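In what follows, a single structure is set out as structure tokens and then discussed.
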Amino acid sequence: KIEAGQMEVKNDDVFSVKAMVDQTSSLADALITQKKKDIMVLTKVDDEIHDTISGDRFRLQQVVNNLISNAVKFTTHGTVNLCLRLQDDDDSDKKMIEIRVRDTGKGIPESHLESIFEPFRQVDFVDTRQHGGTGLGLTISRKLARMMGGDLRVESAASGPRKGSTLFFTLPYRPTKKRPSITPPNDQPSSIPRSEETNALRRGRKVLVAEDDAVSRKMVKRMLEITGYQVILAENGQEAVSTYEMNSDVGLILMDVQMPKMDGLDATKLIRQKESANSISCNVPIIALSAGAMKGDHERGLANGMTDYLTKPVNFKLLVRTLEKYIGCIENHHKP
């Protein structure tokens, strides 16, 4: 979509900086737990940064999540730091936010620094069998950063007291007195439920993720796998319907609302029609995923057969809580 010029950036979202940082920190903690790593995540937001800003909340969260995920992936022990500060632009009156992600990993030789932003490339000394990945994450992140009016650069050292890597993500600072478009739920659990009973229920449960955005698809897949779910993917509504029909053990669907070929609302209606025709007593839970926060979106989703509604970028804790809310139906789905 980026290469074809089909991806748009909108700067009218109003959101909380603290909520963004908390979500990223939750994702990092979950990744560290999954990989059983000896890493501490530290966050710092300068006091001069207003908590409520405007910009493209969805794309911003995508980039920061990718940077923090990479930092955890390539760090064995030590710290991962997420820091936000204001950066004055000497050439204009415009202020920029600098989001800095620093790790204490093995670092990158200077000769390889720019290659990490090339598509399908990971630096030569990285063991891709151990770390995985397609090498597209930083390429897309830099392009998104520049589309938002900022940039993404790296500093790194493979040896010495400053061993490790630091990614600098900048974007225009747009403070506002408006209220956030989406207010984070106050009743979120302070930690991810990890009881043995819950983990046993998660294991082997298959979730279908229908999402046309490759970065979002990868991020949601990672979140679900961290918590023990099996994941299958679809890139549009038509594919979601056919994939669901071919996988009778799908226990829950995360459905993006806006997709090509067939949108999430039409795909949901079609799935509900098929369930009715087959006399399925416990319909599969379908959770809407939408970057929109317009009044009435939730109601339209429910009217078209969706079970619940989450706003993108997906909050990790809220995603886990929502899935566990419907885990009983996942357990009973397709049982005779």
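The values are calculated or read from the model by the stated rules, or taken from the named source; none is laboratory data. These figures come from a predicted structure and were not determined experimentally. Using ideal geometry, Cβ is built from the backbone for each residue, glycine included, and neighbour counts are taken over all protein chains shown. To get the accessible areas, we keep the full protein, side chains included, count just its heavy atoms, and leave off ligands, DNA and RNA. Shrake-Rupley method; radii C 1.70, N 1.55, O 1.52, S 1.80 Å.
Can you classify the range 42-100 as rounded, prolate or oblate using the Cα gyration tensor, where a ≥ b ≥ c are the square roots of its eigenvalues, rounded means a/c under 1.5, and otherwise it's prolate if a/b beats b/c and oblate if not?
prolate
Subtracting the Cα-Cα distance from 0.36 nm times the residue separation, let me have the gained length for T79 to E225 in nm, one decimal. Don't skip to the answer; put the middle values down first.
Values: separation 146, 0.36 × 146 = 52.56 nm, distance 2.33 nm.
In short, 50.2 nm is gained.
For N236, the amide hydrogen comes within under 5 Å of the amide hydrogens of E211, counting only partners 5 or more places away or on other chains and with H modelled in the peptide plane. Solvent-accessible area of H77, all protein chains in place: 120 Å² (probe radius 1.4 Å, heavy atoms, ligands and nucleic acids excluded).
Extension gain, Q34 to E245: 0.36 nm times the residue separation minus the Cα-Cα distance gives 72.8 nm.
Per-residue packing, averaged as other Cβ atoms within 10 Å, sorts the ranges 37-47, 302-312, 246-256 into the order 246-256, 302-312, 37-47, beginning with the highest.
In this Cβ point-charge picture (+1 for Lys and Arg, -1 for Asp and Glu), the range 10-116 has a dipole of about 780 debye about its Cα centre. Given in Å, the Rg to one decimal and the Dmax to the nearest whole number for the Cα atoms of the range 1-78 are 14.8, 41. Across the alpha-carbon atoms of the range 223-280, the computed radius of gyration and Dmax are 11.8, 35 angstrom.
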